[in-house]
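For reference, the structure is listed below as structure tokens.
The values are calculated or read from the model by the stated rules, or taken from the named source; none is laboratory data. From a predicted model like this one, the values you see are computed outputs, not experimental measurements. Neighbour counts run over all protein chains shown; Cβ positions are idealised from the backbone, glycine included.
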Amino acid sequence: MISRRRFLHTTASAGLATAAAGSVLTVEAASTAAADPLATHIDALLVEYLAEAQDEWRIARAMDAAEKAMPAWAQPGPSRLLHDGTKGGATSGWPEVAELPLPPVKEHGFEIIRRGPRDYWQARKAALYAGGAFEKQPDGSFTHRMPRLLKGEERRRVRLETIAGMRKLVARRREQLAWKAAVGLTRLEAAYDAAYERRWAVRERIEAEATGVSPAELGMLALFEYAHEQDDFSLVLLRRLAPALMGHLRRVVDDMIANGAADINETLFLGRPEGRAS
């Protein structure tokens, strides 16, 4: 099942800039904000949001610890073996092959050591053609010799090699999943997805109710926007709004401002219990 966390990365409020630019923001006294029922209600929703965010943050730390308890080949890691014998390239969640190939001879060459189904499909597609090359002519120009499509026994050999590789991948993947279950990572991932969904549900409630241009409403929307985009406008807006805020919202905004350009995941808003400003 694909959770919303794995594919939904939209911004919090498309109309935030319009609301801020089209309104005259008056910094109100704290006593006036305290008497605002909507601000009090948004602050209460924020408490719910923070509870879910902290739960998510704690589960994420437990996931990190569980992942480190697995063998290196089962953890996410570099996908390529480089010519000098070191590993590099993009990080992949597929398991590393059981037997590493020899490093490539060419200086900038590499061997893929964490293959997924798509890698095998691409390799098979490329292997079905042979002989394509650029050839230099006597006059200095280049011509391209079209590759030849393999047929018969050659094509069968490529197919069998692909099937053998996929079987190895399936076996290795099963080992990886067994390790994930043994260290508790499978259970933690499900708990993390559930916590994420609960946090997002509270966020949607806040966005549905924060439709005006009061400091509390704009402050909440700017928090969502900055947490996911880290754009300068949202941070400047938070700084301007901070004196008019109070309660948990003021504390969270102060923490976000103190965090600045540092890791956004280390803020109160995204679940770190102590935050930056404490």
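Among residues of region 147-159 that are in contact (Cβ under 8 Å) with a residue 24 or more places away in the chain, those with a beta-carbon under 9 Å from a residue that is among the basic types (Lys, Arg) and surrounded by 14 or more Cβ atoms within 10 Å (Cβ to Cβ) at least six positions away or on a different chain give the pairs VAL158/ARG124; ARG159/ARG124. Taking the listed residues ALA126, ALA164, ALA191, the one that is more than 30 Å from ASP64 (Cα to Cα) and under 31 Å from the mean Cα position of the chain (by Cα) is ALA126, with no other qualifying. Residue check: is ARG172 among the basic types (Lys, Arg) and buried (at least 18 other Cβ atoms within 10 Å of the Cβ)? Against the criterion (among the basic types (Lys, Arg) and buried (at least 18 other Cβ atoms within 10 Å of the Cβ)), ARG172 qualifies.
Screening region 104-178 for strands (runs of 3 or more DSSP E) wholly inside it with 1 or more residues that are touching a Ser or Thr at 6+ places or on another chain (Cβ under 8 Å) returns the ranges 110-112, 133-136.
Contact map, region 88-113: residues that are assigned by TED's automatic domain parsing to the domain that holds LYS168 and at positive phi paired with residues that are among the small types (Gly, Ala, Ser) and surrounded by 12 or more Cβ atoms within 10 Å (Cβ to Cβ), Cβ distance under 8 Å, separation 6+ or inter-chain. Pairs shown: GLY89/SER79.
How many residues does region 250-277 hold that are in a helix (DSSP H, G or I) and touching a helix residue (DSSP H, G or I) at 6+ places or on another chain (Cβ under 9 Å)? Of the residues in that region, 15 qualify. MET166 falls short on exactly one of the conditions (1) among the hydrophobic types (A, V, I, L, M, F, W, C); (2) surrounded by fewer than 11 Cβ atoms within 10 Å (Cβ to Cβ); (3) outside the structural domain of MET63 (by TED's automatic domain parsing), and that condition is (2). Once region 50-71 is narrowed to residues that are of a type outside the set (D, E, K, R) and touching a Phe, Trp or Tyr at 6+ places or on another chain (Cβ under 8 Å), the residue that is nearest to TYR196 (Cα to Cα) is ALA53.
Looking at this structure, is PRO95 in a loop (DSSP other than H, G, I, E, B), in contact with a helix residue (DSSP H, G or I) (Cβ under 6 Å, 6 or more places away or on another chain) and of a type outside the set (D, E, K, R)? Taking the combined requirement at face value, the residue satisfies it. Any idea which residue in region 179-188 is surrounded by the fewest Cβ atoms within 10 Å (Cβ to Cβ), counting only those that are in a helix (DSSP H, G or I) and touching a helix residue (DSSP H, G or I) at 6+ places or on another chain (Cβ under 7 Å)? Among residues in region 179-188 that are in a helix (DSSP H, G or I) and touching a helix residue (DSSP H, G or I) at 6+ places or on another chain (Cβ under 7 Å), the one surrounded by the fewest Cβ atoms within 10 Å (Cβ to Cβ) is THR186. Specify the residue that is surrounded by the most Cβ atoms within 10 Å (Cβ to Cβ); the eligible residues are those in region 137-163 that are within 30 Å of GLY93 (Cβ to Cβ) and of a type in the set (A, V, I, L, M). Taking the candidates together, the pick is VAL158.
The listed residues are GLY247, GLY212, and the only one of them that is in contact with a helix residue (DSSP H, G or I) (Cβ under 8 Å, 6 or more places away or on another chain), assigned by TED's automatic domain parsing to the domain that holds THR40 and modelled with pLDDT under 90 turns out to be GLY212. A single member of GLU197, GLU204 is part of a helix (DSSP H, G or I), touching a residue at least 60 places away in the same chain (Cβ under 8 Å), surrounded by fewer than 16 Cβ atoms within 10 Å (Cβ to Cβ) and within 21 Å of the chain's Cα centre (by Cα), and it is GLU197. Restricting attention to region 227-252, the residues being crowded, with 21+ Cβ neighbours inside 10 Å and within 23 Å of ARG58 (Cβ to Cβ) number 2.
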